[in-house]
1. Given the structure, is GLN28 part of a helix (DSSP H, G or I), touching a Lys or Arg at 6+ places or on another chain (Cβ under 9 Å), at pLDDT 70 or above and within 30 Å of GLN134 (Cα to Cα)?
2. When you look at ALA61, is it of a type outside the set (Asp, Glu), modelled with pLDDT of 95 or more, more than 24 Å from GLN21 (Cα to Cα) and surrounded by 14 or more Cβ atoms within 10 Å (Cβ to Cβ), yes or no?
3. If I ask for residues that are closer than 19 Å to ASP64 by Cα and assigned to a helix (DSSP H, G or I), which ones from region 106-124 would you list?
4. Taking region 100-112 on its own, how many of its residues are surrounded by 14 or more Cβ atoms within 10 Å (Cβ to Cβ), more than 15 Å from the chain's Cα centre (by Cα) and farther than 17 Å from ASP142 by Cβ?
5. Looking at region 127-138, is at least one residue in a helix (DSSP H, G or I), crowded, with 16+ Cβ neighbours inside 10 Å, modelled with pLDDT of 95 or more and among the basic types (Lys, Arg)?
6. Would you be able to tell me the number of residues in region 95-129 that are more than 10 Å from the ligand (Cβ to nearest atom) and hydrophobic (A, V, I, L, M, F, W, C)?
7. Among the residues of region 139-149, how many are more than 19 Å from LYS81 (Cα to Cα) and surrounded by fewer than 13 Cβ atoms within 10 Å (Cβ to Cβ)?
8. Being within 6 Å of the ligand (Cβ to nearest atom), crowded, with 19+ Cβ neighbours inside 10 Å and more than 10 Å from the chain's Cα centre (by Cα) is the filter here, so list the residues in region 67-89 that pass it.
Amino acid sequence: MMRTALVAGALLLGAGAVMAQQDVAVTQQNLMKSAGKSMYGVLGKTLKGETPYDQAAIDTALKDLAADIAKAPAVFTPNPKEDVVNANYGSSQKIWQNKADFDAKVPPATKAIEDSSGKIKDAATLKVAFDSIQSKCSGCHDDYRVKLK
Ligand code: HEC
């Protein structure tokens, strides 16, 4: 009886730990999805002509993007040790072996976003800004993002 209770307790604890790790992975992924919304959903779609040019939307997207990316070092501090279930992308375990290097990828991205704010006036200047920001996103993704499918 006692033993059954102990086993059941251990199973519950185990399930709790798995849930918590999944929550961490989901929180990290949601931060990046939010960045993706500003970058590809607003800036990228405007570039492709899928959305009409809207200066206010572009300025807001840049602000949101800067705020999201600045959160990455803190949000990626815990290691979930697992991928989001059924996700397209995951985090490399290298992040937590080289956390200082991972964190160091953030200021160049933030700087590219800040340098672009106020400079985007039309499709041509949007293209320049998009490419310069994108190269800094890739600077981290190339090392620390894993394509799962
Ligand atoms: C400091 C490192 C770092 C920087 C800088 C960074 N990312 Fe990420 N990004 C990651 C990691 C790690 C993942 C994988 C996490 C995941 O998807 O679960 C990721 C995943 C993504 C994804 C895929 C989300 C999904 O659907 O799973 C998008 C979209 C994304 N990032 C957008 C951006 C954009 C846009 C920028 C630049 C403005 C950027 N990221 C900058 C680390 C970074």
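1. Considered against the rule, which asks whether it is part of a helix (DSSP H, G or I), touching a Lys or Arg at 6+ places or on another chain (Cβ under 9 Å), at pLDDT 70 or above and within 30 Å of GLN134 (Cα to Cα), GLN28 comes out as no.
2. yes
3. VAL106, PRO107, PRO108, ALA109, THR110, LYS111, ALA112, ILE113, GLU114, ASP115, SER116
4. Number of matching residues: 1.
5. yes
6. 8
7. Total meeting the criteria: 1.
8. The one that is within 6 Å of the ligand (Cβ to nearest atom), crowded, with 19+ Cβ neighbours inside 10 Å and more than 10 Å from the chain's Cα centre (by Cα): VAL84.
The values are calculated or read from the model by the stated rules, or taken from the named source; none is laboratory data. None of these values were measured; they are calculated from a predicted model. Cβ sites come from the backbone with ideal geometry, for glycine too, and all protein chains shown count toward neighbours.
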